[in-house]
1. By counting other Cβ atoms within 10 Å of each Cβ, how are Leu70, Leu61 ranked from fewest to most?
2. When Lys and Arg each count +1 and Asp and Glu each count -1, what net charge do the other residues less than 11 Å away from Phe42, Cβ to Cβ, add up to?
3. Given +1 on the Cβ of Lys and Arg, -1 on the Cβ of Asp and Glu, and no further charges, what dipole in debye does the stretch 2-71 carry about its Cα centre, rounded to the nearest 20?
4. Summing Lys, Arg as +1 and Asp, Glu as -1, what charge do residues with Cβ under 15 Å from the Cβ of Ile54 carry, Ile54 excluded?
5. Mean residue ellipticity at 222 nm from the helices of the chain, using -39,500 (n - 2.57) per DSSP H segment of n ≥ 4 over the full residue count, to the nearest 500 deg cm²/dmol?
6. In the chain, if every C-alpha pair distance is counted and binned at 5 Å from zero, what percent goes to each bin?
7. Please list the non-local residues whose amide H lies under 5 Å from the amide H of Gly30, H modeled 1.01 Å from N, same-chain partners needing a gap of 5 or more.
8. Counting other Cβ atoms within 10 Å of each Cβ, which GluC sites (Glu not before Pro) in the stretch 1-70 have at most 16 and sit in a DSSP loop?
Amino acid sequence: MVKALMLILLEAKTFEEANKIVKIPGVRDGFLVFGHYDYAAFVEVPSLEKVSQIAEKVQKLRFVRYVETLIER
């Protein structure tokens, strides 16, 4: 099992839409955060390829500006 944390920067005034991220299959949990990023999403999937696919799906959401993915070692 591969675990990852996605740190997401959102477009201004779109924070209420961020709840759509946690509905993506493979995203285990997610919540708004304070700091450089606006949202943290925890991912748990069987492979690195799936992590990449989820990152692409998140990046394609119209309210997402940037995604940084951290993979657990």
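Here, each number is a calculation from the coordinates, and none is a lab measurement. Owing to the predicted nature of the structure, the values given are computational and were not obtained by experimental measurement. Backbone-built Cβ (ideal geometry, glycine too); neighbour counts: all protein chains shown.
1. Working: Leu70 12, Leu61 18.
Ascending number of Cβ neighbours within 10 Å: Leu70, Leu61.
2. After counting each charged neighbour, the total is -1.
3. 160 debye
4. On the way: positive: Lys3, Lys20, Lys23, Arg28, Lys50, Lys57, Lys60; negative: Asp29, Glu44, Glu49, Glu56, Glu68, Glu72.
Residues near Ile54 contribute +1 overall.
5. It comes out at -5500 deg cm²/dmol, rounded to the nearest 500.
6. 3, 18, 34, 26, 13, 5, 1
7. The list, which skips near neighbours in sequence, is Phe42.
8. Values: sites: Glu11, Glu16, Glu17, Glu44, Glu49, Glu56, Glu68; in loops: Glu11.
Loop-located and lightly packed - Glu11.
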